[in-house]
1. Within region 69-83, does at least one residue satisfy the condition of being over 29 Å from Asn161 (Cβ atoms), modelled with pLDDT of 85 or more and in a loop (DSSP other than H, G, I, E, B)?
2. Would you mention how many residues in region 109-137 are assigned to a loop (DSSP other than H, G, I, E, B) and under 21 Å from the mean Cα position of the chain (by Cα)?
3. Assuming Glu166 fulfils every condition listed in (1) in a strand (DSSP E or B); (2) at pLDDT 90 or above apart from one, which condition is it?
4. Quick check, is Val149 surrounded by 17 or more Cβ atoms within 10 Å (Cβ to Cβ), at pLDDT 90 or above and within 17 Å of Gly84 (Cβ to Cβ)?
5. Could you list, ordered by first residue, the pairs with Cβ atoms under 9 Å in which the first is in region 94-106 and closer than 14 Å to Arg136 by Cβ and the second is charged (D, E, K, R) and assigned to a strand (DSSP E or B), at least 6 apart or interchain?
6. Mind checking whether some residue in region 96-109 is farther than 20 Å from Asp169 by Cβ and among the acidic types (Asp, Glu)?
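The values are calculated or read from the model by the stated rules, or taken from the named source; none is laboratory data. Because the structure is predicted, anything quoted here is derived from the model rather than measured. So basically every Cβ, Gly included, is an ideal-geometry build from the backbone, and we count neighbours across all protein chains shown.
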Amino acid sequence: MPESPELPKSPELKGATAQTRVNTAREDLSSRKVLDLNTEVKYVKGVGPRIAEWLEQKNIHTVEDLLYYLPFRYEDRLNPRSIGELRAGEMATVIAEVRNTGLFRTKRFPIFELIAGQGPSTLKCIWFRGDYLRDRFKPGQLVALYGKVESAWKGRGLQINQPQFEILDSGQAELEAGEVEDWSLSKLAASFQFTNRPPAPS
């Protein structure tokens, strides 16, 4: 037998008749609409009118439109690579040890640089306006990095700009790529093609 809805406990209902309280509870429950395919996206939790307006530019108006808005590619983050295997132009995941870090000030914005290593091989990672990362990394930490591999300035090795990252531990590490399996970046990720970034939720 289904449970009766919990009656509201708001101050304005204090002293109301039992029937009034039951009717108010029913109205409250009926107002909690279940989403269907024709529900406008602005009613989806976490969307709101501002993001809904942005989605309309992509011809996404309803829940059904969201379901059929498919990614243009999937990024395989399941198989970490060794630094020595990397090639410029590819998307790759690397698990490596933090060797050193530095924050450099320029006229335009600060640049945070991290050098990650696997044995004798190293990889430079750069975050523009990355002053917020100053205290995030320590030498010896094991980190997972994901992004597009590019040739460094003047062809001096390889680097990843603005990589996604996860700190896997805080101790000394001498692991090669592929030896760590339990980390949240390890997944098949969908990429959607947007020409501009969505606004913050309203």
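1. Applying the first criterion (over 29 Å from Asn161 (Cβ atoms)) to region 69-83 yields none.
For region 69-83, residues over 29 Å from Asn161 (Cβ atoms), modelled with pLDDT of 85 or more and in a loop (DSSP other than H, G, I, E, B): absent.
2. 6
3. Failed condition: (2).
4. yes
5. So the pair list comes out as Asn100/Glu113; Thr101/Glu113; Gly102/Glu113; Leu103/Glu113.
6. Among the residues of region 96-109, not one is farther than 20 Å from Asp169 by Cβ and among the acidic types (Asp, Glu), which makes the answer no.
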